[in-house]
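S.K.: Supplied in structure tokens, the structure appears directly below.
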Amino acid sequence: MIILDCEPKTDEELVALAVSNPDFFACLVKKYEPSLRRYSRRLIGQRDDEDDLLQDVFLKCYLNLNDFDQNLKFSSWLYRITHNHLVDYLKNKSRLEFTGEEAEKFLQKIDGGEDSSSLAKQNEASHLVDKILEKIDAKAREILVLRYLEDKSYEEISDILKIPLGTVAARLNRAKLKFKKATLNK
């Protein structure tokens, strides 16, 4: 059994090591699997084939590792691969699921609402967010998830969605308006 020294290496160092020694790709998987799983769940909900979807994402990443542009952030590149794979998966499916706490934070970020630690309020918020996000289009939903749930910067969203920074800001503003409008029409 080979023991790899993954810590404390930057993404760029891990990519270079993984290109020369495929065993180091496990370090990248270990680092990004939890956040990609969370991102996947937020976009498509928890699915029985979630592990298969993530395995496909990491396989695509590994197969294209030599094509990684060192001028980009690795995380943005990996999220872009994940995004494309999930969008393909979502062609006929669109459902988001949140825990009560995540939903409450999401509503606060979008609407500037009051903080609530009540479990009942969190569960209510979770169902509300699910219902509202189901009502808005996929582009609005994905940009809200990337910005407010995955805490991605505008630059990272630009890299992930392959859109200009100005478009990120415009889409985010439109998405927030759609979310608020859908909230009023619940």
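Taken together, the values in this text are just the output of simple stated rules run on the coordinates, not laboratory data. Values in this document were obtained by computation on a predicted structure and should not be read as measured data. Positions of Cβ are generated from backbone atoms using ideal geometry, with glycine treated the same way; all protein chains shown enter the neighbour counts.
S.K.: Can you compute 3J(HN,Hα) from phi for each residue in region 60-69, using the Karplus curve 6.51 cos²θ - 1.76 cosθ + 1.60 with θ = phi - 60°, rounded to whole Hz and x for Gly and Pro?
M.R.: 4, 4, 4, 5, 10, 4, 5, 8, 4, 7
S.K.: Using the Cβ atoms and a cut-off under 12 Å, what net charge is assigned to the surroundings of Phe58, where Lys and Arg are +1 and Asp and Glu are -1? Working shown, then result.
M.R.: Numbers: positive: Lys30, Lys31, Arg37, Lys60; negative: Glu33, Asp51, Asp52, Asp56.
It works out to a net charge of 0.
S.K.: Within 13 Å, Cβ to Cβ, of Glu7, how many net charges do the neighbouring residues add up to if Lys/Arg are +1 and Asp/Glu are -1? It would help to have the intermediate numbers written out before the result.
M.R.: Details: positive: Lys9, Lys30, Lys31; negative: Asp5, Asp11, Glu13.
That sum, taken over residues with Cβ under 13 Å, equals 0.
S.K.: With θ set to phi - 60°, apply the Karplus curve 6.51 cos²θ - 1.76 cosθ + 1.60 along region 167-179 and write out the HN-Hα couplings as whole Hz, x wherever there is a Gly or Pro.
M.R.: Result, rounded to whole Hz: 5, 4, 4, 5, 5, 5, 4, 5, 5, 5, 5, 4, 4.
S.K.: I've got another one for you. What's the local net charge at Ser75, with K and R +1, D and E -1, over the other residues with C-beta under 12 Å away?
M.R.: After counting each charged neighbour, the total is -3.
S.K.: Oh, and also: Along Cα→Cβ, 7 Å out, is where each label goes; now give me the distance between the ones at Lys135 and Lys180 in nm to one decimal.
M.R.: It works out to 1.5 nm between the two label points.
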